[in-house]
Amino acid sequence: MQIFEYMQRYDYEQLLLCHDQSSGLRAIIAIHDTTLGPALGGTRMWTYNSEEEAVIDALRLARGMTYKAAAAGLNLGGGKAVIIGNPKTDKSEALFRAFGRYIQGLNGRYITAEDVGTTVADMDMIHEETDFVTGVSPAFGSSGNPSPVTAYGVYRGMKAAAKVAYGSDSLSDKVVAVQGVGNVAYNLCKHLHEEGAHLVVTDINEENVSRAVADFGAKAVGVQEIFSVECDIFSPCALGAVVNDDTIPLLKAKVIAGAANNQLKEERHGDLIHEKGIIYAPDYVINAGGLINVADELQGYNRERALKKVEGIYDNIMRLFEIAEREGIPSYQAADRMAEERIARIASSRSMFVRNEKSILSR
């Protein structure tokens, strides 16, 4: 991988490699764009197959956070961190505190939060070394676990996508195939069940599946079978790249709306599902609830205010589909345009006022 070539192609600002021998920390912090504000994005802990894979994941996810924050109307940029390691066996106080010192060293350019493989307790350990962390325990004046709020945002976005596809945002009697039933998806299933939707679920963790079956009367299917389920809505809520050459021919759903990041393996897959007439709710717009929630902590957390902002995901989804229909483009392009135009507007307005005084005087 030619790192600087990749960073130049997508206009990244910074890539930081973090190593602490005593704790075993091996981490990567990627900062994509800080035009709108400091980069906020979670810390993921994962057993990557290679260091290059970890770097690519951090960069890819950081760029997604830029677009997510911009589309959500937040005054934040995009960043992401990954820690290479097994989240079940490799965690320690020393590791997270060492990582916290690296975040502190960035002096607010990057603010972290919980992500795949990390928890509120992990954020509390990072908080011992830096204030540039969100999603810590409520005892510290924070919002705690963002999963329920993320799920609520996905639920609201799914209703909007259903309105575009079916003419009504009611999910009653709709069959929703949920891929992955972790913390976010479990809370999403709760909303769907309460509205009267019929759930079909799968997960590599059998306990997650059993819980959804017991609590919501969901039907369990195999990990590969989920793509070909007869359903109204396919909801990817596990890892990314699940909408690809292999799965698209199998999909029966008219709507794709889920919590997973980077659901399209490649942009051309967004074109393919558009051509098939599938309504796709772009991932970084529909799953922005967690980001909106933790961003509210920066003002002094108010849950009622945060949930009110998360409800706006419904309107954001409707807006991007209006753009897509008006301009005849796929929804993923409409979402990108919505985000990029906001960043460009702010960058343009700042250029009128923020000048380097020394450079002006030296002319």
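None of the figures in this text is laboratory data; all of them are computed from the coordinates on show. Just so you know, these numbers come straight off a predicted model, no measurement behind them. Virtual Cβ from ideal backbone geometry, glycine too; neighbours counted across all protein chains shown.
Report the FRET efficiency, 1/(1 + (r/R0)^6), for residue 225 and residue 166, where r is their Cβ-Cβ distance and R0 is 25 Å, rounded to 0.05. According to the calculation, E is roughly 0.55. Distances between placed amide hydrogens fall under 5 Å for residue 198 paired with 173, 174, 175, 176, all partners being 5 or more residues away or on another chain.
Give the calculated FRET efficiency between residue 244 and residue 299 to the nearest 0.05, with a Förster radius of 51 Å applied to their Cβ-Cβ distance. Spell out each step's value before the answer.
Numbers: r = 39 Å, r/R0 = 0.77.
Between residue 244 and residue 299 the formula returns 0.85.
For the range 147-336, a crude dipole built from +1 on the beta carbon of Lys and Arg and -1 on the beta carbon of Asp and Glu, taken about the Cα centre, is about 380 debye to the nearest 20.
Applied to the range 335-348, the Karplus parametrisation 6.51 cos²θ - 1.76 cosθ + 1.60 on θ = phi - 60° returns per-residue 3J(HN,Hα) values of 5, 4, 5, 4, 6, 5, 5, 5, 4, 5, 4, 5, 4, 5 Hz, with x for Gly and Pro.
Amide H contacts of residue 133: 112, each under 5 Å away and 5 or more positions distant or on a separate chain (H built 1.01 Å from N in the peptide plane; Pro and chain starts excluded). Restricting attention to the range 147-336, lysine pairs at least eight places apart or on different chains and with alpha-carbon atoms under 19 angstrom apart total 21.
Among the chymotrypsin sites (Phe, Trp or Tyr not before Pro) within the range 1-98, those in coil by DSSP and having at most 16 neighbouring Cβ atoms inside 10 Å are 10. Using the rule -39500 (n - 2.57) for each DSSP H run of four or more residues, divided by the residues of the chain, the 222 nm mean residue ellipticity is -14000 deg cm²/dmol.
For the chain, what proportion of DSSP beta bridges, expressed in % and rounded to the nearest 5, is antiparallel?
Around 35 percent antiparallel, to the nearest 5.
Given in Å, the Rg to one decimal and the Dmax to the nearest whole number for the Cα atoms of the chain are 20.3, 73.
Residue by residue, the range 307-312 carries 3J(HN,Hα) couplings of 5, 4, 5, 5, 4, x Hz when phi is fed to the Karplus relation 6.51 cos²θ - 1.76 cosθ + 1.60 (θ = phi - 60°); x denotes Gly or Pro. The region of the chain that goes longest without hitting one of the GluC sites (Glu not before Pro) in a DSSP loop, each with at most 16 other Cβ atoms within 10 Å, is 1-127. Considering every alpha-carbon pair of the range 147-336, the percent of pairs per 10 Å bin, from zero through the bin containing the longest distance, is 10, 40, 37, 12, 1.
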